[in-house]
1. Label residue 62 and residue 91 with points 7 Å out from Cα along Cα→Cβ: what is the distance between them in nm?
2. Put a dot 7 Å past each Cα toward the Cβ at residue 103 and residue 23; how far apart are the dots in nm?
3. Where the convex hull is taken over the Cα atoms of the stretch 9-97, what is its projected area averaged over directions, in nm²?
């Protein structure tokens, strides 16, 4: 998925700034060999939850290092929802946190 130019570059999750220029930062939904990735499985999980339970809101609490992934995921999903892939009116909310370690220069391990 690429930027459609609808957002200012600083707010567009499909653009990144490199060497003073805005460059594409696409999100792959399916790899060329047919393999799935996090975006693929997260979109499928989101569609399943919306179709199965029809929630009004879904809240994600994640590590701060996953901010870009969820910005892209939340930008990709509404067009899919409007095509019958889930409840279009459901609100997607994301909170991120930063786990702390004794050494602030090192991120916390995924499992403790």
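A short reminder: the numbers here are calculations on the coordinates, not readings from a lab. Every value quoted in this text rests on a predicted model; they were computed, and no experiment measured them. We place every Cβ from the backbone using ideal geometry, glycine too, and count neighbours over all the protein chains shown.
1. Those two pseudo-labels are separated by 2.0 nm.
2. 3.0 nm
3. Values: hull surface 27.7 nm².
Its average projected convex-hull area is 6.9 nm².
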